[in-house]
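Structure first, commentary second.
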Amino acid sequence: SVLQWLVAVAAYLQGTAAGGPRAVLRSLVAIAYDVLFFALLARVVLSWFGIGRYTRWMRPVYWLTDWLVEPVRRVLPPFGAFDFSPLAALLVLWLLQRILLAIL
């Protein structure tokens, strides 16, 4: 239920704040990774259904992910009808998260 989710989020935020600045930074990195992961997932899945980048619902998704997908797309060679750049961008995003969390 929504109430359970709100209680869980409040407990998470309270625990993070009690952990100090390093815990807050780690939480921000984790939250940013989750948001970008789901945006990449939405970008891929909704493109299968022909929902374009200029629709009202997809503009924020592309705005969140273009900075990561487009440079990867320029580096990867074309594979016919398949676009592996979101998958490679997800790998880059995962590596970036792991590096940042290891530093913190």
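The values are calculated or read from the model by the stated rules, or taken from the named source; none is laboratory data. Just so you know, these numbers come straight off a predicted model, no measurement behind them. Ideal geometry is used to build each Cβ from the backbone, glycine not excepted, and the neighbour counts take in all protein chains shown. Surface areas here come from the heavy atoms of the whole protein model, side chains and all, with no ligands, DNA or RNA. Shrake-Rupley method; radii C 1.70, N 1.55, O 1.52, S 1.80 Å.
Observations on the model:
- Cα-based helix-to-principal-axis angle, 59-75 vs the chain, degrees rounded to 10: 60 degrees
- Among 13, 28, 64, the residue with the largest mean-square fluctuation in a Gaussian network model of the chain, with springs joining Cα atoms closer than 10 Å, is 13.
- HN-Hα J in Hz across region 21-32 - Karplus 6.51, -1.76, 1.60, θ = phi - 60°, x for Gly and Pro: x, 5, 5, 5, 5, 4, 5, 5, 5, 5, 5, 4
- For mean projected area of the Cα convex hull in nm², the value calculated from this model appears in (1) 7.2; (2) 8.7; (3) 5.9 under label (2).
- Principal-axis tilt of helix 85-103 within the chain, Cα atoms, nearest 10 degrees: 30 degrees
- Out of every Cα-Cα pair that region 55-104 contains, those further apart than 12 angstrom amount to 68 percent.
- FRET E, pair residue 73, residue 26, Förster distance 30 Å, beta-carbon r, rounded to 0.05: 0.50
- Within a Gaussian network of the chain (alpha carbon springs, distance under 10 Å), most fluctuating of 87, 41, 76: 76
- Checking every one of the chymotrypsin sites (Phe, Trp or Tyr not before Pro) in region 1-80 against DSSP loop status and a limit of 16 other Cβ atoms within 10 Å picks out 49, 54, 57.
- Probe 1.4 Å, accessible area per residue of the chain, Å²: 74 Å²
- Average Cα contact separation per residue, the chain, under 8 Å, 6 or more apart, as relative contact order %: 30 percent
- Counting 0.36 nm for each residue step from residue 8 to residue 98 and taking away their Cα separation leaves a gain of 29.9 nm.
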